[in-house]
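*Asks:* Once you've had a glance at the structure underneath, I'll fire off some questions.
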C-alpha cells in the first residue's frame with residue numbers, strides 16, 4: 001500500500017542530498033537510496049565509472065528469475081542557479097506542491113519508485129519476474145558515467161525497461177533522433193577596409209545558415225512527433241572588427257524522425273555546404289542518437305495504460321522532441337518506454353516543484369503496473 005506521508009518524507013530526504021551535475025557527485029544519494037532498499041531486502045550493488053559518480057542497482061527477486069524488468073530514474077540534477085525564492089534543498093511544501101531541486105527532474109520519480117517497491121515488499125507477494133531498480137548517474141550531461149556503460153558492459157541487460165523521465169503521466173512511445181555537430185568554414189584574411197582582397201568565412205557561414213533554415217529535410221510524418229528541426233546553438237568567428245574573418249565555426253542541433261537515416265541528413269547538409277563553401281569546410285559530429293519508436297500495442301504500453309486507468313488517471317500517449325535514455329535501449333534491442341509524474345514545464349527552472357497528489361498517484365500506478373506485468377507473450381520479449 002502506498003503511504004503519502006512516507007512518500008513525501010522520502011522525497012524531502014532525497015532533495016536534501018545535493019547531486020548537482022556538473023559538479024558530479026552521486027555517491028551520497030546512491031548510498032542513501034541503497035541503504036533504504038537494502039532494509040527492504042533488495043540486493044544492492046554500486047557501480048562507478050568515475051570516482052563518486054555512483055550508479056545504484058537494486059534487485060528484487062521474483063518467481064521467474066530468467067525474466068527481468070528494469071525501472072530507471074536518474075540521481076543527478078542540473079545546477080541550482082541563484083534565482084530561487086524557496087530553499088532548493090529543503091523540500092518545502094506549500095499548497096500541495098513540494099519545492100526543491102530535482103522534485104520534478106527526477107527525484108520525485110525516484111521516490112515514487114522506491115515507495116512502489118516498498119508497497120510490494122510489504123504485501124509479501126512476489127512479482128512474476130526479477131525487478132531491477134537502477135538509479136543512474138550523469139543523465140544531465142550525457143550519461144557517459146551512467147546508463148551507457150551499464151548497458152555496454154551488460155551490467156544491465158533486461159528484457160524490457162521503463163525509463164522514469166517524463167511528466168504528467170505521459171507515456172513516451174517515440175523520440176526524435178539527434179545530431180550535434182560543428183561546422184568549420186575557412187576564409188581568407190584581409191584588412192577590413194579592403195574586403196575584396198579577402199574571403200569572409202562569416203559571410204560564407206551566414207549563407208550556409210540561411211540555406212539550412214530554408215531547407216526541408218526529409219521525414220515521414222509521425223503521429224506523436226513534430227517535423228525535423230535545426231537549431232544554430234553557437235557561432236564564433238573573426239578576430240577583430242577591422243579584419244576579414246578567415247574562420248567561422250558554428251554548432252548545429254538537428255532533431256530528426258524515425259525512418260529517416262542520419263546519413264541522409266548529413267548528405268543534404270554537405271550539399272548546402274558545397275554550394276556555399278566548396279573546399280572550405282569541415283564537419284565534426286560530436287553526438288548522434290538514433291530516433292526511437294515502439295508500438296502502442298506493446299505490453300509495456302498496454303500495462304501502463306491499464307495501471308493509470310485503475311488509478312483514475314487518463315493516460316496520454318506522446319512523443320519526445322528532446323532526448324531521453326530510451327534510445328540507448330533501442331541500440332541493444334531492448335523494448336522501452338518512458339513515463340513519469342513530474343510537473344510539465346518544471347524541469348530546469350528555479351523554484352522547481354512537484355504536485356504531491358500526482359506523485360502519490362504515480363507511486364500507486366507503478367505499484368499496480370509492477371504487480372500486474374508479466375512476460376506472457378512473444379511481444380514482451382526482444
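*Asks:* Pick from the stretch 316-333 the residues that are in contact with a strand residue (DSSP E or B) (Cβ under 6 Å, 6 or more places away or on another chain) and more than 14 Å from residue 176 (Cα to Cα): which of them is surrounded by the most Cβ atoms within 10 Å (Cβ to Cβ)?
*Replies:* 329
*Asks:* Please indicate, with yes or no, whether at least one residue in the stretch 277-290 is part of a helix (DSSP H, G or I), at pLDDT 95 or above and surrounded by 13 or more Cβ atoms within 10 Å (Cβ to Cβ).
*Replies:* Yes, the stretch 277-290 has at least one match.
*Asks:* Can you tell me which residue is surrounded by the most Cβ atoms within 10 Å (Cβ to Cβ) among those in the stretch 156-168 that are over 19 Å from residue 140 (Cα atoms) and at pLDDT 95 or above?
*Replies:* Once the filter is applied, the top-ranked residue is 161.
*Asks:* Related question: Quick check, is residue 374 in a loop (DSSP other than H, G, I, E, B), touching a strand residue (DSSP E or B) at 6+ places or on another chain (Cβ under 8 Å) and surrounded by 14 or more Cβ atoms within 10 Å (Cβ to Cβ)?
*Replies:* On the way: in a loop (DSSP other than H, G, I, E, B): yes; touching a strand residue (DSSP E or B) at 6+ places or on another chain (Cβ under 8 Å): yes; surrounded by 14 or more Cβ atoms within 10 Å (Cβ to Cβ): yes.
Considered against the rule, which asks whether it is in a loop (DSSP other than H, G, I, E, B), touching a strand residue (DSSP E or B) at 6+ places or on another chain (Cβ under 8 Å) and surrounded by 14 or more Cβ atoms within 10 Å (Cβ to Cβ), residue 374 comes out as yes.
*Asks:* Quick one: residue 203 ticks every box in (1) modelled with pLDDT under 95; (2) outside the structural domain of residue 342 (by TED's automatic domain parsing) except a single one, so which number is it?
*Replies:* Status for residue 203: all satisfied but (1).
*Asks:* From 23, 102, grab the single residue that is surrounded by fewer than 17 Cβ atoms within 10 Å (Cβ to Cβ) and either in the same structural domain as residue 140 (by TED's automatic domain parsing) or in a helix (DSSP H, G or I) (or both).
*Replies:* 23
Condition check ((1) part of a strand (DSSP E or B); (2) within 28 Å of residue 292 (Cβ to Cβ)) across all residues:
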{"position": "232", "(1), (2)": "yes, yes"}
{"position": "249", "(1), (2)": "yes, no"}
{"position": "254", "(1), (2)": "yes, yes"}
{"position": "259", "(1), (2)": "no, yes"}
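*Asks:* Could you list all residues from the stretch 64-83 that are over 17 Å from residue 25 (Cα atoms) and at pLDDT 95 or above?
*Replies:* Correct list: 67, 68, 69, 70, 71, 72.
*Asks:* Inside the stretch 26-47, can you point out the residues that are touching a strand residue (DSSP E or B) at 6+ places or on another chain (Cβ under 7 Å) and exposed (fewer than 15 other Cβ atoms within 10 Å of the Cβ)?
*Replies:* 38, 43, 45, 46
*Asks:* Taking the stretch 168-180 only, how many residues are at negative phi and touching a helix residue (DSSP H, G or I) at 6+ places or on another chain (Cβ under 9 Å)?
*Replies:* Adding up the residues that qualify gives 7.
*Asks:* Can you name the condition, by its number, that residue 273 falls short on among (1) touching a strand residue (DSSP E or B) at 6+ places or on another chain (Cβ under 8 Å); (2) in a loop (DSSP other than H, G, I, E, B)?
*Replies:* Just one mismatch for residue 273, condition (2).
*Asks:* Moving on. Residue 301: touching a residue at least 12 places away in the same chain (Cβ under 8 Å) and surrounded by 17 or more Cβ atoms within 10 Å (Cβ to Cβ), yes or no?
*Replies:* Details: touching a residue at least 12 places away in the same chain (Cβ under 8 Å): yes; surrounded by 17 or more Cβ atoms within 10 Å (Cβ to Cβ): yes.
So residue 301 fits the description; yes.
*Asks:* Do you know which of the residues in the stretch 118-155 that are more than 15 Å from residue 326 (Cα to Cα) and without any contact (Cβ under 8 Å) to a residue 60 or more places away in the chain is surrounded by the fewest Cβ atoms within 10 Å (Cβ to Cβ)?
*Replies:* Residue satisfying both the conditions and the ranking: 124.
*Asks:* Looking at the structure I just gave you, is residue 115 more than 19 Å from the chain's Cα centre (by Cα), assigned by TED's automatic domain parsing to the domain that holds residue 162 and either surrounded by 20 or more Cβ atoms within 10 Å (Cβ to Cβ) or closer than 26 Å to residue 49 by Cα (or both)?
*Replies:* yes
*Asks:* How many residues are assigned to a helix (DSSP H, G or I) and closer than 25 Å to residue 81 by Cβ if we restrict to the stretch 26-49?
*Replies:* 6
*Asks:* Also: Can you report the number of residues in the stretch 1-12 which are in a helix (DSSP H, G or I) and in contact (Cβ under 8 Å) with a residue 24 or more places away in the chain?
*Replies:* Summing the residues that are in a helix (DSSP H, G or I) and in contact (Cβ under 8 Å) with a residue 24 or more places away in the chain in the stretch 1-12 gives 7.
The values are calculated or read from the model by the stated rules, or taken from the named source; none is laboratory data. All of these numbers come straight from a predicted model, not from anything done at the bench. Note that each Cβ is placed from the backbone with ideal geometry, even for glycine, and that neighbours are counted across all protein chains shown.
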